[in-house]
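The values are calculated or read from the model by the stated rules, or taken from the named source; none is laboratory data. Worth saying up front: this structure is predicted, and the values here are computed from it rather than measured. Ideal geometry is used to build each Cβ from the backbone, glycine not excepted, and the neighbour counts take in all protein chains shown.
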Amino acid sequence: MAPPSVQDLHFSHLDIPITIDRIFSVMPASSIPVSTNHSLYLSNIDDMIGARVFTPTVYFYRSNNFGSPRKPIMEILLDALASVLVPYYPFSGRLRETQNGKLEVFFGPDQGVLMVQAHSEMALANLGDFTVPNPAWLPLVYRFPNEGQYQIIDMPLLIAQVTYFSCGGFSLGLRTCHCLSDGLGAMQFLNAWSSTAKAGVLVTNPNPCWDREIFRPREPPLVKYPHVEFMRIEDGSDLTMKLWQNKLVQKCYRISREFQARLKNLARAHDDSTCTTTFDAMAAHVWRSWVKALDVKPLDCNLRLTFSVNARQKLKNPPLKSGFYGNVMCVACATSTVSELVNGCLAETRRLVHDARLGISEEYLRSTIDYFEVDRPKRLEFDGKLTITQWTRFSIYESADFGWGRPIYAGPIDLTPTPQVCVFLPEGEGGSGGTMLVCICLPEQATSTFRKFLCLMDLDDQVGQ
């Protein structure tokens, strides 16, 4: 029997006892083009409030007859990382605030990135399903004792933890500061590290480029758009209250390629005048299903859907240099009333997502940079908002092959600290081509309702509208 088009995936609730064996800094293997007290400019896109976070990811590798794996694996990773830190030297710096709260990268003595070696008496087989992110894996990504939430000042900009398991397998847990790179930039760095580990010599293709100065604000700043995606809006609905005052659970669903194709056709609704992408259709469908499952009231309140759009190919004046690894993701925003989402049709919501995505242009990006220069937001705004993060176009599995094969899982861990975020993930080892994972946080009492809407049980009514 063929598996269902939408599968509800489950992860194990478990404790992973680990022992930290050593913690040390990794410095660039040779001289770098900056000296102590030197600083580097960060753009307003790098410096936006949403980028002032560490992105935790974990990568699991099965034992592959490494022999005695602990010393060789650690040495391979260390040597390759030290080599890569020469061209990617900004990762060895620290962040500090300058005037008006602006961030920059500065270089002091003995900084470097942080490397942690740990072990666990558990075996990989005891860690549950490697198909879905599991909050229980958090001990595999190092945090400092008493580290504050969203703390980034004077922190290592890359923290890597290698944890060995009793079976001979191991994990690599990374925390990368988002201010230095967006998802594509992070994949570029990871690919350089893994390629260097495999080759035994430095491999950078393309060569990294800092060049953040091309995103300096205009003088005077020129804000041409309202940028509702960043504005503080009082949520007149009960959406935020329902999310933050209820017990939330992380849910993941495997979405087949056939389901995505069917949804895309339904979302197009005989309108061939616009190019409908799978993302347009899936984002619209998840947004509607989420609002319906939460039974948001009142119906006349405005809600927002935000998502990042890669603006690299939109930049012409000047175009980005090959190897640029900074933040070039621009935030798009679709708005709708609750009533339009729950009573309208999928095609209408899809068009809102489509128009917001195509609205990202070079001028929109420049306007965003100038908006931050004029009015730099000091806090993340969640009211009335769902944010979708798309990882399906990241080469996360391919980029994390350090010479012992692709990881059996690569990706995020725990979504519950930011309950208004949904992540689209590629499926890992053994996944069929085009299969997507949708991971989202929901109040426990809303999970069955959300799955019902996600499975298209209500789409028969929409087609005729």
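One table, with the values for the structure above:
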item: Top-ranked residue in segment 6-18 [being modelled with pLDDT of 95 or more and surrounded by 11 or more Cβ atoms within 10 Å (Cβ to Cβ); ranked as nearest to SER256 (Cα to Cα)]; result: ILE16
item: Residues that are of a type in the set (A, V, I, L, M) and in contact with a Phe, Trp or Tyr (Cβ under 6 Å, 6 or more places away or on another chain), drawn from segment 123-156; result: ALA123, LEU124, VAL132
item: Search result, residues across segment 123-154 that are without any contact (Cβ under 8 Å) to a residue 60 or more places away in the chain and aliphatic (A, V, I, L, M); result: ALA123, ALA125, ILE153
item: Of all residues in segment 352-389 being at pLDDT 95 or above and of a type in the set (Gly, Ala, Ser), the one that is surrounded by the most Cβ atoms within 10 Å (Cβ to Cβ); result: ALA356
item: Answer from PHE54, PHE107, PHE60, PHE91 - the residue that is modelled with pLDDT of 95 or more, aromatic (Phe, Trp, Tyr) and in contact with a Cys (Cβ under 7 Å, 6 or more places away or on another chain); result: PHE54
item: Flag if ARG232 is farther than 20 Å from LEU352 by Cα and touching a strand residue (DSSP E or B) at 6+ places or on another chain (Cβ under 9 Å); result: no
item: Residue within segment 255-276 that is modelled with pLDDT of 95 or more, charged (D, E, K, R), surrounded by fewer than 20 Cβ atoms within 10 Å (Cβ to Cβ) and in the same structural domain as THR418 (by TED's automatic domain parsing) present; result: no
item: Sole exception among (1) loosely packed, with under 15 Cβ neighbours inside 10 Å; (2) not assigned by TED's automatic domain parsing to the domain that holds LEU14 for ASP154, by number; result: (2)
item: Number of the exception - PHE324 against (1) buried (at least 21 other Cβ atoms within 10 Å of the Cβ); (2) touching a Leu at 6+ places or on another chain (Cβ under 6 Å); result: (2)
item: Of the criteria (1) part of a helix (DSSP H, G or I); (2) of a type in the set (Val, Ile, Thr); (3) modelled with pLDDT of 95 or more; (4) out of contact with any Leu (no Cβ under 7 Å at 6 or more places or on another chain), which one THR240 fails; result: (3)
item: Inter-residue pairs, beta-carbon under 9 Å, first without any contact (Cβ under 8 Å) to a residue 60 or more places away in the chain and in segment 28-54, second aromatic (Phe, Trp, Tyr), 6+ apart; result: PRO33/TYR89
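Listed here are the residues, each with its yes/no results for (1) over 15 Å from GLN7 (Cβ atoms); (2) surrounded by 19 or more Cβ atoms within 10 Å (Cβ to Cβ); (3) at pLDDT 85 or above.
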| residue | (1), (2), (3) |
| --- | --- |
| ARG393 | yes, no, yes |
| TRP404 | yes, yes, yes |
| LEU425 | no, yes, yes |
| GLU429 | yes, no, no |
| SER432 | no, no, no |
| MET436 | no, yes, yes |
| ALA446 | yes, yes, yes |
| PHE450 | no, yes, yes |
